[in-house]
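Okay, structure first, notes after.
The values are calculated or read from the model by the stated rules, or taken from the named source; none is laboratory data. Quick caveat: nothing in here was measured; it's all calculated off a predicted structure. All Cβ positions, glycine included, derive from the backbone under ideal geometry; neighbour counts span all protein chains shown. Side chains are part of the model used for accessible areas, which takes the heavy atoms of the whole protein and leaves out ligands, DNA and RNA. Shrake-Rupley method; radii C 1.70, N 1.55, O 1.52, S 1.80 Å.
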Amino acid sequence: MIRDIVIYPDKRLKLISKEVVEFDSELHTLLDDMYDTMINKKGVGLAAIQVGVDKRALIINIPEDDSDIQLKENTLEIINPVFIEKDGVQKHQEGCLSIPGIYEDIERAKHVKVEYQDRFGVKHTIEDDDFLAVAIQHETDHLNGKVFIEKLSILKRKKFEKEWKKRQKNTL
Ligand code: CO
C-alpha cells in the first residue's frame, strides 16, 4: 500500500528514529508499504520516517545497469544499521523523495561497512564503495534526523531555502 511521504520542512524529518526490537508483521507491512511508496515515486531509497514512522528501518533498491527495473526481491531492507567502517571521500548527485525535484552534489565517505538486521532480525554485514555506499549514508542520516541539504555550504543552503519556498508557494 502506498503511504504519504513526509515533505521537507516537516518537523518529523528531524526525529531520531528508535531501534526496532520487534520483527513482527507490523514491521513487515511497513517495509512492504515503503517499497510500494518508493517505487510509486521512482525513488532508489526510503527511510521509515519518510512515511512518518520513527523506526530505524530503511530500504534501498538501485536499478541494475541502465535498466529502470527495481524488483522487490532485489530490495535491500536495512534495520538498525551501525557503521563499523567509514573511510575515503566520494561526491555524488543526490536527491530525496522528501525534497522532490532538488538534486545536489554531496560529499560522503567512499567506503562503508555496515552491520544491520533484516526483517526477521537476522544480522548481516554489507560493504560497498560505490553508489550503494552513498545511498546507505543518505538513508541512515534520515534515521538520525538529518536530510542531505544540511550538508550543503551555507551559501548553497540559503539558495536552496529560497528556491524551496518559491516552489512551495507555487504548488499551493
Ligand atoms: Co532522502
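Summing -39500 (n - 2.57) over the DSSP H runs of n ≥ 4 in the chain and dividing by its residue number, what mean residue ellipticity at 222 nm do you reach, to the nearest 500 deg cm²/dmol?
Per the formula, -9000 deg cm²/dmol.
With axes computed from alpha carbons, what is the tilt in degrees of helix 131-143 against the longest principal axis of the chain, rounded to the nearest 10 within 0 to 90?
Compared with the principal axis, the helix lies near 80 degrees.
Roughly how big is the chain's charge dipole about its Cα centre, with Cβ charges of +1 (Lys, Arg) and -1 (Asp, Glu), in debye to the nearest 20?
Charge dipole, the chain, about its Cα centre: 1360 debye, nearest 20.
Using only Cα atoms, find the angle between the long axis of helix 154-171 and the longest principal axis of the chain, and express it within 0 to 90 degrees, rounded to the nearest 10.
The angle comes out near 90 degrees.
Of Phe83, Tyr35, Gln93, which is farthest along the charge dipole of the chain in the positive direction, counting Lys and Arg as +1 and Asp and Glu as -1 at C-beta?
Sorting the options by dipole projection puts first Gln93.
In whole Hz, what ³J(HN,Hα) sequence does region 66-80 give by Karplus (6.51, -1.76, 1.60; θ = phi - 60°), x for Gly and Pro?
Karplus-based 3J(HN,Hα) across region 66-80 equals 9, 7, 9, 6, 10, 5, 4, 5, 8, 6, 8, 9, 10, 10, 6 Hz.
For Cα pairs less than 8 Å apart in space and 6+ apart in sequence, what is the mean separation divided by the residue count of the chain, i.e. the relative contact order in percent?
Averaging sequence separation for qualifying contacts and normalising by length gives 22 percent for the chain.
Hey, which aspartates and glutamates would be in cross-link range of Lys162, C-alpha to C-alpha under 20 Å, not counting anything within fewer than 8 residues on its own chain?
Lys162 reaches Asp10, Glu94, Glu104, Asp105, Glu150.
Considering only DSSP beta bridges whose two residues both sit in region 11-171, what percent are antiparallel, to the nearest 5?
Once the DSSP bridges in region 11-171 are tallied, antiparallel ones form about 95 percent.
Which residues make up the longest stretch of the chain that has no chymotrypsin sites (Phe, Trp or Tyr not before Pro) in a DSSP loop with at most 16 other Cβ atoms within 10 Å?
Numbers: sites that count: Phe23, Tyr103, Phe120.
For chymotrypsin sites (Phe, Trp or Tyr not before Pro) (loop position, at most 16 other Cβ atoms within 10 Å), the longest site-free span of the chain is 24-102.
Counting only residues 5 or more places away or on other chains, whose amide H sits under 5 Å from the amide H of Glu94 once H atoms are built in the peptide plane?
Long-range HN contacts for Glu94: Glu104, Asp105, Ile106.
Just to confirm, what accessible area per residue do you get for the chain at 1.4 Å probe, in whole Å²?
58 Å²
Using a 1.4 Å probe on the protein chains only, how many percent of the accessible area of region 11-171 belongs to carbon and sulfur?
Solvent-exposed carbon and sulfur of region 11-171 make up 49 percent of the total.
Please name which of Ala48, Asn144, Asn170 has its Cα lying farthest along the dipole of the chain towards the positive end, using unit charges on Cβ (Lys, Arg +1; Asp, Glu -1) and the Cα centre as origin.
Towards the positive end, the residue furthest out is Asn170.
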